[in-house]
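Take a look at the structure below.
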Amino acid sequence: MTGRRRTRSTPAPAPSRPVRATALAAGAAALCASLTAGCGMIPGAAADSGDAPVTVMTWAPQDTDATNKPGMPAMARAYARWVNAHGGIGGRRLEVLTCNDHNDSVGAARCARRAADEGVVAVVGSYSQFGDSYLAPLEGAGIPYIGGYGVTNDEFTGTMSYPVNGGQPALLAGLGRALAAGCGDVALVRPDSIAGDQLPALLDSGLKAGGHADAGDQLAAEDATEYDGQARQALRHATRDVTRRGCVVPALGDRTDTFMDSFRRAREDFPDVRTATVLGSVDQTVINATGGASGPYEGAYITGWYPVASDPRWDPMKKVISEEAFGDDRIDPADAGVQTTFIAYTVLKAVLEKIGHGEVSADTVRHTLDDGLRVSTGGLTPTLHWPYEGKLAGVGLPRLVNADVTLQVVRDGKLVAARADIGGSRGVADMTATLEHADVP
């Protein structure tokens, strides 16, 4: 978030991290032996090794009235089962704790404190809108945050954050670039929240790069049950210029489909407009549920961080899902959260393999990441590494190391790669240069 982080009082002296982590891991294992269902730890076949298990945490909001990401902790659990069934990582068993941040700042802070209390070596592949609540406790405990969803800019500022994608900054900048040439007036509909406050400048950076005027900024409640008024206001803005087809960009997370229900009714009273949004607000399931080829998303541009779900580069992830989570409808291989969690655990695996038979702790995981480790994700992202300050440090995003975006379009009700519409034949565009000129809040 963009709010000021809380000042933390100096904690009382504590045992060294390796001793504390070992004791806590042993205590957690003993507790789970009798209370397996209550602790969220993932069982798996222990490897034939004297090495201690590696304990990490994944968190995300679930069962809330706003954005929910149950597929992320579910994917983390499936990955742990799969790894353990294949001998662990370097002979070590992987144990995953999960936490529900309930989409509020208190819940996010509670998850971070639990991670510290449990002695996890990293928080991996997680989602939370409340960076100002969880990053400070993690940093105080020295715990790295690997592969957050990128929903707030805080993930691109913290020295112990290791993002795997360009988050909302890259998605919105890429969408603006894609819309600049073909849209008249653009209306952005976004949450009335601190996270939402970051979106207009990012979309505008892409529009400006294409010689387009700023978008109209329209606020909406994140947990509303209808958006009739907001839909009409967006349509009025997008249709002011009758000589050019306007564009409406809803970026409301899980509530985007609720907005589109209202939008579909309201658009009959206005000239035709194009819709566009970012992956995470819309996926193939939403497109199907809203009418497919006859629905409001037909022809819509949607920016994402990764290749489309049908790309063979996702086969390793799909293998994990097939072997360990077949039938689990929380895990959608086309969901950007599930994909991000898989990539984040790919990074964790590379870190543990680099450490080898050395000590695994939050400190050694962090130092391995900081010492120039380069991680291949099989082409799902560029090779990842985290210098002390990346190219976007000048605009306040020093940890943003992968600004690639892909552009997808809904054709005949299917989400497919747009390719030549952005990034040429590869369909990938690096938004680093565009974001260098963004007025990031």
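Of interest is the spacing of the C-alpha centroids, which for segment 193-239 and segment 286-301 amounts to 20 Å. Compared with the dominant Cα axis of the chain, that is its longest principal axis, helix 71-85 is turned about 40°.
Along the axis of the charge dipole computed for the chain (Cβ charges of +1 for Lys and Arg, -1 for Asp and Glu, origin at the Cα centre), the listed residues THR290, GLY131, ALA300 are led at the positive end by GLY131.
GNM remark for the chain: springs join alpha carbons under 10 Å apart, and the peak mean-square fluctuation among VAL120, VAL347, VAL320 falls on VAL320. Only the Cβ atoms of Lys and Arg (+1) and of Asp and Glu (-1) were treated as charged; on that basis the dipole of segment 331-441 about its Cα centre amounts to roughly 300 debye.
Partner lysines whose Cα lies under 29 Å from the Cα of LYS318, excluding those fewer than 8 positions away in the same chain, are identified as LYS69, LYS349, LYS354, LYS414.
With all distinct Cα pairs included, what does the Kirkwood hydrodynamic radius of segment 80-193 come out to in Å, to one decimal, could you say?
16.1 Å
Could you tell me which trypsin sites (Lys or Arg not before Pro) in segment 345-441 are loop residues by DSSP with no more than 11 other beta carbons within 10 angstrom of their beta carbon? Answer by residue number: ARG374. Semi-axes of the equivalent ellipsoid for segment 334-396, computed as √(5λ) from the eigenvalues of its C-alpha gyration tensor and ordered from largest down, come to 21, 18, 11 Å.
Put a plus charge on the Cβ of each Lys and Arg, a minus charge on the Cβ of each Asp and Glu, and nothing anywhere else: the dipole of the chain about its Cα centre is then about 600 debye.
Fully extending the segment from THR383 to THR64 would add 111.3 nm, taking 0.36 nm per residue of separation and subtracting the current Cα-Cα distance.
DSSP assigns beta bridges within segment 56-184; of those with both partners inside it, close to 10 percent run antiparallel. Based on the reciprocal of the average 1/r between different C-alpha atoms, the Kirkwood radius for segment 67-142 equals 13.3 Å.
Taking the C-alpha atoms only, the angle from helix 17-34 to the longest principal axis of the chain is near 90 degrees. On a per residue basis, the chain carries 39 Å² of accessible surface, using protein heavy atoms and a 1.4 Å probe.
With each label modelled as a point 7 angstrom along the Cα→C-beta vector, the ARG236-ARG411 pair spans 3.7 nm. Full extension of the chain between LYS391 and LYS349 yields a length gain of 12.5 nm, computed as 0.36 nm times the residue separation minus the alpha carbon distance.
Proximity of backbone amide H atoms, modeled 1.01 Å from N, is registered between SER161 and TYR145 at under 5 Å, excluding neighbours fewer than 5 places apart on the same chain.
Rounded to the nearest 10 degrees, the angle from helix 167-180 to the longest Cα principal axis of the chain is 20 degrees. The Stokes-Einstein estimate for segment 254-324, based on a Kirkwood radius over Cα pairs and taken at 37 °C with 0.692 mPa s viscosity, is a diffusion coefficient of 236 µm²/s.
Kirkwood's formula applied to the C-alpha pairs of segment 290-372 gives a hydrodynamic radius of 15.7 angstrom. When peptides 219-230, 96-107 are ranked by their average number of other Cβ atoms within 10 Å per residue, the highest-first order is 96-107, 219-230. Size descriptors for segment 319-438 (Cα atoms only): Rg and Dmax, in that order, 17.4, 53 Å.
At full extension, HIS86 and ASP311 could sit 78.5 nm farther apart than now, given 0.36 nm per residue minus the alpha carbon distance. Modelled label positions at ALA181 and ALA289, each set 7 Å beyond Cα in the direction of Cβ, lie 3.4 nm from each other. Beta bridges from DSSP with both residues in the chain: antiparallel share about 30 percent, rounded to the nearest 5. Labels on offer are (1) 71, 45, 40; (2) 92, 47, 41; (3) 67, 50, 41, and the one holding Cα extents along the principal axes in Å computed from this structure is (1). Normalised by 2.2 N^0.38 Å, where N counts its residues, the alpha-carbon radius of gyration of segment 196-330 equals 1.19.
The values are calculated or read from the model by the stated rules, or taken from the named source; none is laboratory data. All figures in this text were calculated on a predicted structure; none of them were measured in a lab. A quick note on method: Cβ atoms are made from the backbone with ideal geometry, for glycine too, and the neighbour counts reach across all protein chains shown. Just so you know, the surface numbers come from the protein's heavy atoms only, side chains and all, with ligands and any DNA or RNA stripped out. Shrake-Rupley method; radii C 1.70, N 1.55, O 1.52, S 1.80 Å.
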